[in-house]
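The values are calculated or read from the model by the stated rules, or taken from the named source; none is laboratory data. Because the structure is predicted, anything quoted here is derived from the model rather than measured. Glycine also receives a Cβ, built like all others from the backbone with ideal geometry; neighbour counts cover every protein chain displayed.
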């Protein structure tokens with residue numbers, strides 16, 4: 001699956017989960033952040049650096065979306081497998097904390 005197609009599928013999933021995606025230009029001297037998930041007035045908002053590469057945008061989306069319960073959400077098998085890899089990374093990170 002190409003990156004643009006994957007990005008589109010992740011954006012669609014975010015929309016289905018009622019996660020607003022904002023592509024913003026982020027500037028901070030000396031560091032580069034791809035963004036992250038937050039709650040604003042009770043709603044989930046994913047802010048992604050507009051200058052990030054497609055690969056980094058995909059990673060930011062995947063890391064945010066795999067935190068949601070996707071068990072009852074229809075996902076294409078390839079997308080579910082892809083998100084599963086990020087879910088496993090987050091699980092192992094949380095165990096170390």
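Apart from one condition, residue 44 fits all of (1) surrounded by 12 or more Cβ atoms within 10 Å (Cβ to Cβ); (2) touching a strand residue (DSSP E or B) at 6+ places or on another chain (Cβ under 8 Å); (3) free of Cβ contacts under 8 Å to residues at least 40 places away in the same chain; (4) not in a strand (DSSP E or B); the exception is (4). Given the criteria surrounded by 11 or more Cβ atoms within 10 Å (Cβ to Cβ), more than 14 Å from the chain's Cα centre (by Cα) and assigned to a helix (DSSP H, G or I), does residue 84 qualify? Against the criterion (surrounded by 11 or more Cβ atoms within 10 Å (Cβ to Cβ), more than 14 Å from the chain's Cα centre (by Cα) and assigned to a helix (DSSP H, G or I)), residue 84 does not qualify.
Please determine whether any residue of region 61-73 is in contact with a helix residue (DSSP H, G or I) (Cβ under 7 Å, 6 or more places away or on another chain), more than 12 Å from residue 13 (Cα to Cα), modelled with pLDDT under 95 and in a helix (DSSP H, G or I). Yes, there is a match, as at least one residue in region 61-73 is in contact with a helix residue (DSSP H, G or I) (Cβ under 7 Å, 6 or more places away or on another chain), more than 12 Å from residue 13 (Cα to Cα), modelled with pLDDT under 95 and in a helix (DSSP H, G or I).
For the subset of region 25-41 comprising residues that are loosely packed, with under 11 Cβ neighbours inside 10 Å and at pLDDT 90 or above, which member is nearest to the chain's Cα centre (by Cα)? Looking at residues that are loosely packed, with under 11 Cβ neighbours inside 10 Å and at pLDDT 90 or above, I get 39.
Number of residues in region 47-60 that are within 13 Å of residue 7 (Cα to Cα) and either touching a residue at least 12 places away in the same chain (Cβ under 8 Å) or not in a loop (DSSP other than H, G, I, E, B) (or both): the value is 9.
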